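Enquirer: Quick one: the structure is below, questions incoming.
The values are calculated or read from the model by the stated rules, or taken from the named source; none is laboratory data. Being a predicted model, the structure only gives us computed values, none of them experimental. Virtual Cβ from ideal backbone geometry, glycine too; neighbours counted across all protein chains shown.
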Amino acid sequence: MRKQLPIIITMVVGGVLFLTSTFFAAEKTGLGTNIDRFQQLMANVAFLIGMGTLFRLHYNNIRRRKENWVFSAWFIFAMIAYFILGMVETNKGKNFMALYNGIITNTNSTIFAIVAYYIVSSAYRTFRVRSGEATVLLLTAVVTMLAAVPIGEAIWPGFASIRDWVQSVPNVAATRAVAIGTFLGGYATLLRVFTGMERQQLGSR
């Protein structure tokens, strides 16, 4: 019953959501709105569970004096302090937003800058003419980069037109193909979970 009960709950909730979204009964019954609120509540509970898991992991690093355990201590202090500050000031508090904009936003910008550097370096290693497909990829990348910088427009104004065509025709076609494939895969997974065939979320294989 430990595995059957979660499957039954999944099927019932999935069926209710499907019926309310398909037959537009959410506005009349209010089930859709209540389930959305319950989903938000469960998301908050999941965040708390995640915090507890992180706390236990880093606490074990501190207790066992593993390598770089000082960073684990700093992480626990920052996580608990920021959580308490958010509970006191809410997420719109002055100090809460100052720390968010001053630390988290700048850290995200730094991480994205590092990722961009690695993308450029990997592109430099990848763009080697070894086949016809690699040649097309290289030429497309060169034209796109030239169209994005002022020197490209100075060399030939037509680079911008070619870039717009590439982004609006081949790129959109490939993006939609990937989106359709992703949707079909997600829909198949949804059906497997809904019917109880997929049980990895229950710890089964």
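Enquirer: Suppose we filter Asn61, Asn44 for residues that are assigned by TED's automatic domain parsing to the domain that holds Gly14, of a type outside the set (A, V, I, L, M, F, W, C) and under 24 Å from the mean Cα position of the chain (by Cα); which single one remains?
Expert: Details: Asn61 fails: under 24 Å from the mean Cα position of the chain (by Cα).
Just a single option satisfies the conditions, and that option is Asn44.
Enquirer: Determine whether the range 125-138 contains at least one residue that is modelled with pLDDT of 85 or more, surrounded by 13 or more Cβ atoms within 10 Å (Cβ to Cβ), over 27 Å from the mean Cα position of the chain (by Cα) and not basic (Lys, Arg).
Expert: Step one: list which residues in the range 125-138 are modelled with pLDDT of 85 or more, which gives none.
Within the range 125-138 (the criterion being modelled with pLDDT of 85 or more, surrounded by 13 or more Cβ atoms within 10 Å (Cβ to Cβ), over 27 Å from the mean Cα position of the chain (by Cα) and not basic (Lys, Arg)), the answer is no, since none of the residues qualifies.
Enquirer: Which ones in the range 81-99 are in a helix (DSSP H, G or I) and out of contact with any helix residue (DSSP H, G or I) (no Cβ under 8 Å at 6 or more places or on another chain)?
Expert: Of the residues in the range 81-99, the ones in a helix (DSSP H, G or I) are 81-89, 94-99.
Hits for the range 81-99 are Ala81, Ile84, Met87, Val88, Lys94, Met97, Ala98.
Enquirer: For the list (1) within 30 Å of Met79 (Cα to Cα); (2) surrounded by 11 or more Cβ atoms within 10 Å (Cβ to Cβ); (3) β-branched (Val, Ile, Thr), I need the number of the one condition that Val143 fails.
Expert: All conditions pass for Val143, except number (1).
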